[in-house]
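Heads up: the structure comes next, in structure tokens.
The values are calculated or read from the model by the stated rules, or taken from the named source; none is laboratory data. These numbers come from a predicted model, not from an experiment. So basically every Cβ, Gly included, is an ideal-geometry build from the backbone, and we count neighbours across all protein chains shown. The protein model used for the area step is the full one, side chains on, heavy atoms only, and it has no ligands, DNA or RNA in it. Shrake-Rupley method; radii C 1.70, N 1.55, O 1.52, S 1.80 Å.
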Amino acid sequence: MAVSALPLIAFAVGYLLTISIQLMNFSVVAVEQIPFSLLDNIYITTFQSWLIMGLLISVVLLLQYKRFAWAVAATCFSAVIAVTQWAHLWSDINKEQLVVYKVNGQSAFELIEDGTSYFEFDSALAQDAEKIRFHIRPNRLISSVKNLEPVKGQPFVKDFLGGKLINRKGRKILLIESRGILPPVMSVDVVIIRNDAVTIEELRKNISFKMVILDGSNSPYFAATMLKHEHVHSVFHHGAYIQNL
């Protein structure tokens, strides 16, 4: 922009800028390919990142000036980092959660228990690594998920025409994904509706429930009409649904 009035010079500067950006990107990718060069699956909050920077600065100043005060500062930063990690372990990792994600046009939910995710995605999302990385992976990092298990085929899952019934640790989650025969009269904790499969009026004929969740596969119009009823959560309107079990 500074030399835009001189076309030849502007072209040369633009070319050099393009080359420099390409070299930078190449160097980043090349370093990532080196074994053990990348630390992955680490959850650090903004506050913790500031603490780590404070720790590094304290260590550098300690090495530079050899003063005991900087050793004390480094120790204090380390202690606070440890406390925040223990607090994260206590508050987030040990929780059991039902999570219904907001992924527009697609369906995704998972049960997280003790570092294991029992997940249920539609086929298109299951093949889209970038969407999983953007929408799903952050919560898995927070919850320190290590093992991934599909809901399908688990002993606590019962299939029926048009959906699934998940009975896990005394909690019942009914997944209705297509129009069909509703299960027999029953009482469940949560109903997850996909693809505009059933209205509240139809659902109440057979099912007693505490909460209805509309995932991202439902149309905005259908979700808006369902929100007229109580105890309905639409991920399109309210964002992801997270319930501690």
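Could you state how much accessible area M24 has, in square angstrom rounded to the nearest 10, with a 1.4 Å probe and all protein chains kept in place?
It works out to around 110 Å².
Count the net charge of all other residues whose Cβ sits under 10 Å from the Cβ of S107, scoring Lys and Arg as +1 and Asp and Glu as -1.
On the way: positive: R194; negative: E120, D122, E177, D215.
Residues near S107 contribute -3 overall.
Nearest 5 is fine: what % of DSSP beta bridges in the stretch 35-155 come out antiparallel, could you say?
70
Counting DSSP beta bridges in the chain, what percent are antiparallel, to the nearest 5?
The answer is about 60 percent antiparallel.
Residue-wise, which Karplus ³J(HN,Hα) couplings in Hz belong to the stretch 126-138, taking 6.51 cos²θ - 1.76 cosθ + 1.60, θ = phi - 60°, and x for glycine or proline?
4, 9, 9, 5, 5, 5, 5, 5, 7, 8, 9, 4, x
Taking Cα centroids, how far is the stretch 4-81 from the stretch 141-160 in Å?
Between the Cα centres of the stretch 4-81 and the stretch 141-160 lies a distance of 37 Å.
Under 17 Å from the Cα of K131, which aspartates and glutamates turn up, not counting those fewer than eight places away in the same chain?
Excluding near neighbours in sequence, the set is E110, E120, D122, D215.
Heavy atoms only, probe 1.4 Å: what % of the accessible area of the stretch 97-232 goes to carbon and sulfur, would you let me know? List each step's numbers first, then the result.
Numbers: 3480 of 6700 Å².
Result for the stretch 97-232: 52 percent of the exposed heavy-atom area is carbon or sulfur.
Show which lysines lie in cross-link reach of K228 when reach means a straight Cα distance below 25 angstrom and same-chain residues fewer than eight apart are skipped.
Straight-line reach from K228, under 25 Å: K102, K172, K205, K210.
What spacing in nm lies between the two simple spin-label points modelled at L38 and S4, each 7 Å away from Cα in the Cβ direction?
3.6
Sorted by accessible area (1.4 Å probe), largest first, how do M53, M186 line up? Before the final figure, lay out the partial values.
Values: M53 85, M186 40 Å².
Ranked list, largest accessible area first: M53, M186.
Provide the percentage of antiparallel DSSP beta bridges, counting only those with both residues in the stretch 153-231; round to the nearest 5.
Bridges in the stretch 153-231 are about 50 percent antiparallel.
Among D196, D40, D159, whose mean-square fluctuation peaks in a Gaussian network model of the chain (Cα, cutoff 10 Å)?
D40
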